[in-house]
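Below is one structure, written out as structure tokens; the observations come after it.
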Amino acid sequence: MIKTKNSVAVFGGGCFWCTEAVFKSLRGVLSVSPGYAGGETKNPAYEEVSRGDTLHAEVVRIEYNSEEISYESLLTVFFGSHDPMTKNRQGNDVGTQYRSIILYTDEDQKKVALKFIEDINNSNQTGASIVTEVSPLEDFYEAEDYHKNYYENNKNDMYCELVINPKLEKVQKRFSELLKENRVS
């Protein structure tokens, strides 16, 4: 029996419905759980987080097989699928709960994330800098059940059609070699 190396990454890149759908499409990703992290309130509820009362961000906890997909590849998709240069905003979602954030689980992830950001900033000719927060993961609070698999369960919802579908199409075009399948449905 072959043993796999399962690892965990936690990212926030705006609404967790979008972020969940993006990472679920990647080869080597075993599970994606939407939730809340990076704030102060214990056991927050969606309503509190969405009002900005908790300092938590909407995030996803990604369990992945590091022999199939690297942390660096996850970072590439993370930075390529949201706007890491606008503070506390992704599209129409505004507030600290939608900030760009990486919550590292160990010092290696921290070093890789910081180096990744430094490399992007050094190669960016527009002068804009990454505003993504890099912090240790202290607590992760799983979101309520109705947020899980949101895209899969609500594909005909207007939000899915207008926001998530274009994001998935962008990921499909830019990162096709990392997808579980050749096309996003």
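Checking every one of the trypsin sites (Lys or Arg not before Pro) in segment 1-52 against DSSP loop status and a limit of 10 other Cβ atoms within 10 Å picks out Lys3, Lys5, Lys42. Taking every protein chain into account, the accessible area of segment 72-142 amounts to 53 square angstrom per residue (probe 1.4 Å).
Suppose we keep just the DSSP beta bridges with both residues in segment 32-185; what percent of those would be antiparallel, to 5?
75 percent
Comparing Cα centroids, segment 29-77 and segment 113-134 end up 21 angstrom apart. Give, as ranges by residue number, the residues of segment 83-111 whose backbone N falls under 15 Å from the point 7 Å along Cα→Cβ of Arg174. Under 15 Å, as judged by backbone N against the label point of Arg174, lie 83-86, 90-91, 100-101 of segment 83-111. Loop-located trypsin sites (Lys or Arg not before Pro) in segment 106-185 (DSSP state not H, G, I, E or B) with no more than 12 neighbouring Cβ atoms inside 10 Å: Lys180, Arg183.
For the listed residue pairs Lys5/Lys42; Lys5/Lys180; Lys24/Lys170; Lys110/Lys180; Lys111/Lys170, the alpha carbons are over 20 angstrom apart in Lys5/Lys42; Lys110/Lys180; Lys111/Lys170. Scanning residues 5 or more positions from Met85 or on other chains, those with amide H under 5 Å from its amide H are Val131, with H placed 1.01 Å from N in the peptide plane.
Would you mind finding the longest exposed-site-free stretch of the chain, with exposed GluC sites (Glu not before Pro) meaning DSSP loop and at most 13 other Cβ atoms within 10 Å?
Details: sites that count: Glu40, Glu67, Glu138, Glu144, Glu181.
After excluding every exposed loop site, the longest remaining stretch is 68-137.
Label-to-label distance for Glu107 and Asp145 is 4.2 nm, based on points extended 7 Å past Cα in the beta-carbon direction.
Remark: segment 108-117, residue by residue, has Karplus-estimated 3J(HN,Hα) of 5, 4, 4, 4, 5, 5, 5, 5, 4, 5 Hz, where x stands for each Gly or Pro and the curve is 6.51 cos²θ - 1.76 cosθ + 1.60 at θ = phi - 60°. Summarising the amide proton neighbourhood of Ser100: residues at separation of 5 or more, or on other chains, whose placed amide H is nearer than 5 Å comprise Asn88, Arg89, Glu133.
If I take R0 = 30 Å and measure r between the Cβ atoms of Asp93 and Lys5 in this structure, what FRET efficiency does the formula 1/(1 + (r/R0)^6) give, to the nearest 0.05? Each step should come with its number before you reach the end.
Working: r = 34 Å, r/R0 = 1.13.
For Asp93 and Lys5, the calculated efficiency is 0.35.
Between Tyr46 and Val134, the modelled label-to-label distance comes to 3.3 nm, taking each label 7 Å out from Cα in the direction of the beta carbon. The apolar share of the surface of the chain, taken as the fraction of accessible area on carbon and sulfur atoms (1.4 Å probe, ligands and nucleic acids excluded), comes to 46 percent.
The values are calculated or read from the model by the stated rules, or taken from the named source; none is laboratory data. Everything quoted here is computed from the prediction, not taken from an experiment. Note that we place each Cβ from the backbone using ideal geometry, even for glycine, and neighbour counts take in every protein chain shown. The accessibility values were calculated without ligands, DNA or RNA, using every heavy atom of the protein model including side chains. Shrake-Rupley method; radii C 1.70, N 1.55, O 1.52, S 1.80 Å.
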